[in-house]
Amino acid sequence: MKEISIFDVIGPNMIGPSSSHTAGAVRIALLVRKLIQGEIREVKFILYGSFAQTYKGHGTDKALVAGILGMDTEDERIKDAFTYAKEAGLCYTFEPNTIKHTDHPNTVEVIVVDDKGETTSVVGASIGGGNVRIDQINGVDVEFTGEYCTMIIKQQDTPGVVAYITSSLSEYNINIAFMRLYREDKGAFAFTIIETDEHIDERVQDKIREHASILSVRII
Amino acid sequence: MNFQTAEELLSLCEAQHIPISKAMLEREKTISHMNEEEILKAMHHAYDIMKNAVSRALNEDLVSMGGLIGGEAKKVYARKDKSACGPLVSKAISYAMGVLEVNTSMGLIVAAPTAGSSGVIPGVFRAIQEENDFSDEQMIGALLNAGAIGYIITRNATVSGAEGGCQAEVGAASAMAASAVCELLGGTPRQCLDAASTALANILGLVCDPVGGLVEAPCQNRNAMGASNALISAEITLAGIKHLVPFDETVEAMYKVGRSMPFELRETALGGLAATKSACQRCQGIF
């Protein structure tokens, strides 16, 4: 378990009114933005549980749009996120879903379309105190929080890929805190998620990208 | 240096003759990748946000998201010279209420420990700083002290209203502020923990029943109560009055009370004031 820092207690510094409904929403959407390589043109938010019930009164809608625009929890522009979205040419829609039950009460599915027309879907949950967890990418169950330096690798599910990734990291002397492999079907695509204590620089990413079965590498 | 309970914290402080603030700073250096300068800089930044939030509420017209609150801080502040509570408490409650106005109007605050209880610490801290001419450095020390209390509650119980009711949120903030005030006014580490116990014990059992599910009412008034309770608790302790139950046991009691609270009284807006006829009528058409 990660130690509780004083900045978890005296913090987060955030735009109100709610750490789970506002700050957590900003963080989920910001993680989605960092996951996407291209520029996001369209976004649809499907809101579940408590998010679906109270999103307007807690500014969850503005917080989600703000995160997609790259704002963090301290950004005073969050309040006017809809205006900034208009300026940036970002189309956004909200769809409250009060029927489907999710594991966590504050859950949102974010479906984005980038400038190349590619669609990505990410499910995230706001788990309290502004902390968040990403639960799904493109239908594949994953789990990471964004608290550590996180590398998300999308790959073809073939033998030797994971060994290649770990040897690349060790070549650059990077210590892995957590590493998990997620896949949907054997032989299809998979995600390797690596959380490290140190920052992972560009050279490591480039080295990993060289492998023919690696489809994309993102650092968030 | 690290500690997990108030008992461990107290023995560290007494063995090394250091205040709680110093122990918390050393702990943060141990568990994080930050050095002392970086930690203090980030604490100053948080305190600046708190000060700015207090000032905004007194100088701007803030409108809350749900429209249930707005302008109360100014009204209370206007009475400070003829206040029933005296200038220190009058300022503390006015400032605490103001920070809640900033929070609910999508302004910048520090969740300390939560957004719903974000008024207590800035309220108490700014009021006592102004009335006693404390420097920002002294206030950062107090913030470290408050952080130690909040850490112990977070680690061993909860500061979430959904889990433990208002006693966990405003209760924690009030205990944090009480301990900090105690250190600022020359209290020993043991007295700080006693003040924190007193503050938490005074609010034991308070439910979380936000009208309309919004962080507005009765949250704003309860932040004022949490601020005054912190000052009362510090005063009782500094007078040499000991608390019967040690802080760790008080925290455990709070946690157990929280867990035994029905679901309706833990932030769901299904019970307490939120379920009253008038509250439900007032909320029609907000969303």
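Figures for the structure shown
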| item | result |
| --- | --- |
| Options A:ILE4, A:ILE15: the member that is within 7 Å of another protein chain (Cβ to nearest Cβ), β-branched (Val, Ile, Thr) and open to solvent by less than 20 Å² (accessible area, probe 1.4 Å) | A:ILE15 |
| Evaluation of B:MET261 against (1) over 30 Å from B:GLY71 (Cα atoms); (2) within 20 Å of the chain's Cα centre (by Cα); (3) open to solvent by less than 30 Å² (accessible area, probe 1.4 Å) (one fails), failing number | (2) |
| Test: residue in region A:46-59 that is assigned to a helix (DSSP H, G or I) and over 30 Å from B:ALA157 (Cα atoms) | no |
| Any hit, region B:259-279, residues being out of contact with any Ser or Thr (no Cβ under 6 Å at 6 or more places or on another chain) and under 30 Å from B:PRO189 (Cβ atoms) | yes |
| Residue satisfying all of: in region A:52-83; within 16 Å of A:ILE15 (Cα to Cα) and out of contact with any helix residue (DSSP H, G or I) (no Cβ under 7 Å at 6 or more places or on another chain); farthest from the other protein chains (Cβ to nearest Cβ) among these | A:ASP61 |
| Test: residue in region B:147-167 that is away from chain A (no Cβ under 12 Å) and closer than 26 Å to A:GLU76 by Cβ | no |
| Given (1) part of a loop (DSSP other than H, G, I, E, B); (2) at negative phi; (3) not hydrophobic (A, V, I, L, M, F, W, C), index of the condition A:GLY70 fails | (2) |
| Selection count where residues are in contact (Cβ under 8 Å) with a residue 40 or more places away in the chain and assigned to a helix (DSSP H, G or I), scope region B:190-210 | 11 |
| Flag if B:GLU8 is more than 20 Å from the chain's Cα centre (by Cα) and under 17 Å from A:ASP8 (Cα atoms) | no |
| Scan of region B:30-54 for residues that are within 13 Å of chain A (Cβ to nearest Cβ) and without any contact (Cβ under 8 Å) to a residue 12 or more places away in the chain, ordered by number | B:SER32, B:HIS33, B:MET34, B:GLU36, B:GLU38, B:LYS41, B:ALA42, B:HIS45, B:ASP48 |
| Residues of region A:20-34 that turn out to be open to solvent by 20 Å² or more (accessible area, probe 1.4 Å) and either within 12 Å of chain B (Cβ to nearest Cβ) or closer than 22 Å to A:ALA177 by Cα (or both), as a count | 2 |
| Pick from region B:1-27, criterion over 15 Å from B:ALA142 (Cβ atoms) and at the interface with another protein chain (Cβ under 9 Å from one of its Cβ atoms), ranking: surrounded by the fewest Cβ atoms within 10 Å (Cβ to Cβ) | B:ASN2 |
| Residues (open to solvent by 20 Å² or more (accessible area, probe 1.4 Å), at pLDDT 95 or above and β-branched (Val, Ile, Thr)) located in region A:47-86 | A:THR83 |
| Test for B:ALA57: is it crowded, with 24+ Cβ neighbours inside 10 Å, within 14 Å of chain A (Cβ to nearest Cβ) and more than 24 Å from B:LEU144 (Cβ to Cβ) | yes |
| Helices (runs of 4 or more DSSP H) wholly inside region B:40-146 that include at least 2 residues being among the acidic types (Asp, Glu) | B:120-132 |
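A quick yes/no check of all residues on (1) modelled with pLDDT under 90; (2) part of a loop (DSSP other than H, G, I, E, B); (3) out of contact with any Pro (no Cβ under 8 Å at 6 or more places or on another chain):
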| residue | (1), (2), (3) |
| --- | --- |
| A:THR93 | no, no, yes |
| A:ASP103 | yes, yes, yes |
| A:VAL112 | no, no, yes |
| A:GLY117 | no, yes, yes |
| A:ILE127 | yes, no, yes |
| A:GLN155 | no, no, yes |
| A:THR158 | yes, yes, yes |
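The values are calculated or read from the model by the stated rules, or taken from the named source; none is laboratory data. Owing to the predicted nature of the structure, the values given are computational and were not obtained by experimental measurement. Positions of Cβ are generated from backbone atoms using ideal geometry, with glycine treated the same way; all protein chains shown enter the neighbour counts. Surface accessibility is based on the protein's heavy atoms, side chains included, excluding ligands, DNA and RNA. Shrake-Rupley method; radii C 1.70, N 1.55, O 1.52, S 1.80 Å.
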